[in-house]
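Reading through the C-alpha cells given below for one structure.
The values are calculated or read from the model by the stated rules, or taken from the named source; none is laboratory data. From a predicted model like this one, the values you see are computed outputs, not experimental measurements. Cβ placement follows ideal geometry from the backbone for every residue including glycine, while neighbour counts extend to all protein chains displayed. Side chains included, ligands, DNA and RNA excluded: accessible areas come from the protein's heavy atoms. Shrake-Rupley method; radii C 1.70, N 1.55, O 1.52, S 1.80 Å.
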Amino acid sequence: MAMQRALNRDVPGAQSDAALLRDPAFEQNKQDAIHRWVPWIAGFSAGFVSDALQQYLPDPGRRDVHVLDPFAGVGTTLVESLRRGYHVTGIEINPFAALASRVKCSAFTIEPDTLLSAIRTFEREARERTDPIDAAFERGDDLLQCTPAPQSRPPVAFRSRTPFFSPAVEQKILHCLDLISDVASCQIRELMSLALGSILVQVSNYSYEPSLGSRVAAGKTNVLNADVVGLLSSRLRMMYHDVMVYRDAMMQWTPLPTARVIEGDSRLMPQMVKESSVDIVITSPPYLNNYHYVRNTRPHLFWLGFVSKPSDLKRLEQANFGKYWQTVRNAEPSKLQFELPGLSRIIEEITLQNPQKHVYGGKGWANYAIEYFNDCYTLCQGFYRVLGKGTRVIVVLGNSIIQGVNVPTDLFFGQIGELCHLKLDEILLLRKKRVGNSIINSSVRNGGSDVMSLYEAAVILRRV
C-alpha cells in the first residue's frame, strides 16, 4: 500500500500522507533557539525531528535511547534528541558542518558568565582594531597602513573569480580571526569560529542563489564595507541567549545524555557505531541533485582553516556520499552493485539522453546516478548492522529530474532497503513543491525549459 500511495503523488489535489509529521524544510529553524545559529540549505526542521521521535520510537519515555544521524549536517536531529534526554551520535563528512554539530551538542555545558565575558572582551578589542579601518575607508586611505596590522593572512590557496571579500571587509575578518585564536577556552573558541563562519558569505561579494556565486552575477552590488564586528557581536549575543535557554532545558536530565559527533564518511558507519546499538535513525542524505556541498562551503573550509590546498577539497569530493557529477562524468561506465530492474530501466533511459553533449549528456549523468544508488545500498547495509531489532530508520529524500527523466529516489531507496533485509513500512509524502529553471532545468541537466515538479518524502524502514 505504501508503494502504491507513493506512486500516486501527482494526482491533482493530493494531500500529504504525513499529517503527523511537520514540514521538514529548514526554513522553520531560522527562528528556533540553537537551530538558528547557522543557515544550512540542506537541513530539515526541528519540528519534523520532534514528530518523528514521538511517532517512531518504540518507547519515547525511555532514557537509554540512542539516536543516530549519519548525515548530521548542522545538528538538527542531534540537538532535538539531546533535548529529550536521548544519547546521540552524528556522522558528518563536511568539517564546517561537523563543527556546527559539535558546538551545538556541547553548548549547554558552557558556563554562561564565562561566555559573556569572552564576548565582551572580543567586542571591545575588535572595535579597537577595526574602527581605524572604517575611518581609513571613509577617507579613501590605504587600508594596509592601518595599525595594528592583523597577524592572520588570507588562505593562500583560496581562489575566486571575483575577490571574495572587499579589502576593508577582509582586514576586519583577519582581525576577528586573530582575536578568536587568542581565546583560551577551546569550547568558546569553536563557538566563536562557528559564529564567524555563519556571517562569512553575508559580508562577502558572494551569495547563495541557491549555489554559491558572485553577487554581481545575481544582479547585486559588491559589499565594499560591512560592520563585521557588529554582525558578529549580534550573532554571539544571540548564541549566548540560546545557551542560557538550552542550559536550563538540559539541567532536568540526570545524568546528562551523551553526544558524539564523528567527522567522517557515513558509508563506514558500522566501523563507527556499535552493532545493534541504535534505537532510531532520523536523517536526510544528499539528494540526487548534485548540490555541491564542498564547493558551496569552500570559503568556510579555507577561511576557518579546515583545508589549506585544493587536494584537501578533492579528498572531500571523492569521499562524498553519491560522489558528484563533476567527479564521475568522465569515468568508465559504472555498474549497479545490486539487481533492481526498475532502477536499471531508469538508468538506461538517462544514458540514452542527449548523446551529442558527450559527458554533459546522459552517459555522464547515468554514472552519477549509479554511484548515488550504490552508496544508498552501502548505507542500507550499514543501517541493518547498527539498528536494534524492531527499530526504525526515517530517511527524508526528494525525487530528481535528470536529463528530463523523473527519478523517484524515495521508491528506489525503499526497495534497496528491502534488498538489505530491512522492512519497508511506508513511504510518506511530506511536501510537494514546484521548482523552475534554476534548479532542475539547466542545459547541463536536461536541456529543457518546462517547469517540473519535485517532492520530498520520508522512507520508513524497520529492522525486523
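Determine, yes or no, whether residue 81 is modelled with pLDDT of 80 or more, in contact with a strand residue (DSSP E or B) (Cβ under 8 Å, 6 or more places away or on another chain) and small (Gly, Ala, Ser). In short, yes. Scanning region 221-229 for residues that are out of contact with any Cys (no Cβ under 8 Å at 6 or more places or on another chain), of a type in the set (Ser, Thr, Tyr) and closer than 30 Å to residue 386 by Cα turns up nothing. Of all residues in region 54-67, at least one satisfies being within 30 Å of residue 294 (Cα to Cα) and either in contact with a Ser or Thr (Cβ under 7 Å, 6 or more places away or on another chain) or crowded, with 23+ Cβ neighbours inside 10 Å (or both). Taking the conditions (1) part of a loop (DSSP other than H, G, I, E, B); (2) free of Cβ contacts under 8 Å to residues at least 24 places away in the same chain; (3) not basic (Lys, Arg) in turn, residue 117 satisfies each one other than (1).
The single condition among (1) more than 30 Å from residue 310 (Cα to Cα); (2) touching an Asp or Glu at 6+ places or on another chain (Cβ under 8 Å); (3) open to solvent by 30 Å² or more (accessible area, probe 1.4 Å) that residue 138 does not meet is (2).
Of the residues 103, 88, the single one that is over 26 Å from residue 234 (Cα atoms) and open to solvent by less than 10 Å² (accessible area, probe 1.4 Å) is 88. Only a single item in (1) surrounded by 15 or more Cβ atoms within 10 Å (Cβ to Cβ); (2) modelled with pLDDT of 95 or more is not met by residue 220, and it is number (1).
Checked against the criterion of being among the aliphatic types (A, V, I, L, M), closer than 25 Å to residue 78 by Cα and surrounded by fewer than 16 Cβ atoms within 10 Å (Cβ to Cβ), region 229-238 contains one or more residues that satisfy it. Within region 280-301, not a single residue is in contact (Cβ under 8 Å) with a residue 40 or more places away in the chain, closer than 18 Å to residue 77 by Cα, open to solvent by 10 Å² or more (accessible area, probe 1.4 Å) and over 17 Å from the mean Cα position of the chain (by Cα).
I want to confirm something. Restricting to region 152-177 and keeping residues that are assigned to a helix (DSSP H, G or I) and open to solvent by 10 Å² or more (accessible area, probe 1.4 Å), which single residue is nearest to residue 236 (Cα to Cα)? The selected residue is 177.
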